[in-house]
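Worksheet for the structure shown next.
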Amino acid sequence: MVAKTTLISLLLASSTSAFAPPQMQTTTSRTTQLSATKNNNNNIEIAAATFAIASSLLLSPLSASADGQTKEFKLPPIDQSDKSRCVLNSSKMGQANAARDKLYDLRECPLSGVKGNEFDLSGVIMTGTDVSKANFRDAQFSKGYLRNSNFDGADFTNAIVDRATFKGSSLKGTIFANAVLTATSFEGADVENADFTDAYIGDFDIRTCVRIRL
């Protein structure tokens, strides 16, 4: 009798859902469908957001675009009245953004043999500047405008020259040993007998160099 009662109980328990009212079954089915639809909508929203972010990175210009790759610059006239202009001043604001409180203009300055080792000269502007045989060991030249100047025999050992341009400058015998030269342009520069031993140079940076002797 006990065995018969137990068997009936098990049969009833296992078949409860089969005898559930139709309204309950329909509600359960709708709940499941709504949950699946909500998950699908979430997946679509996530996919759309990911696509938007990827598109913005691919299509918009990157902020890391190098100054050394910029073709044209518009510079103000040289302030010849500033008698203290041709002096090396190390930036205190950090080399990454080359920030200064005023234009750091060394254009046409006679600075041959100057000592600028360990200086942060980021953001400096040089055209027609003579810094031949200068000591720039361990210096920083982030976003430096170093065009059409004389760097012959200057020493940039261990220096960081990032996003700068030496376009049209003379770099004969200049030492760049163990220097970091990232996103820097040497277009039209004369680097005859320059020393690039152990320097870090990207493929883009080196392809515009001429007559490099490693």
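Let's see how each residue does on (1) of a type in the set (D, E, K, R); (2) closer than 17 Å to D79 by Cα; (3) not in a loop (DSSP other than H, G, I, E, B):
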{"position": "L103", "(1), (2), (3)": "no, yes, no"}
{"position": "S112", "(1), (2), (3)": "no, no, no"}
{"position": "N117", "(1), (2), (3)": "no, no, no"}
{"position": "K133", "(1), (2), (3)": "yes, no, no"}
{"position": "R137", "(1), (2), (3)": "yes, no, no"}
{"position": "L146", "(1), (2), (3)": "no, no, yes"}
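Scanning the stretch 152-170 for residues that are over 19 Å from Y200 (Cα atoms) and either of a type in the set (D, E) or out of contact with any Gly (no Cβ under 8 Å at 6 or more places or on another chain) (or both) gives D152, S169, S170.
When the residues of the stretch 145-181 are filtered to those that are within 12 Å of L121 (Cβ to Cβ) and either surrounded by fewer than 23 Cβ atoms within 10 Å (Cβ to Cβ) or in contact (Cβ under 8 Å) with a residue 24 or more places away in the chain (or both), the one that is nearest to the chain's Cα centre (by Cα) is D162. Against the numbered list (1) over 27 Å from the mean Cα position of the chain (by Cα); (2) not in a loop (DSSP other than H, G, I, E, B), M126 comes up short only at (1).
Residue by residue, here is whether (1) touching a helix residue (DSSP H, G or I) at 6+ places or on another chain (Cβ under 8 Å); (2) at pLDDT below 95; (3) not charged (D, E, K, R) holds:
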residue: D130; (1), (2), (3): no, no, no
residue: K133; (1), (2), (3): no, no, no
residue: F141; (1), (2), (3): no, yes, yes
residue: L171; (1), (2), (3): no, no, yes
residue: N178; (1), (2), (3): no, no, yes
residue: T184; (1), (2), (3): yes, yes, yes
residue: R211; (1), (2), (3): no, yes, no
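The values are calculated or read from the model by the stated rules, or taken from the named source; none is laboratory data. These figures come from a predicted structure and were not determined experimentally. Reconstructed Cβ throughout: ideal geometry from the backbone, glycine too, with neighbour counts over all protein chains shown.
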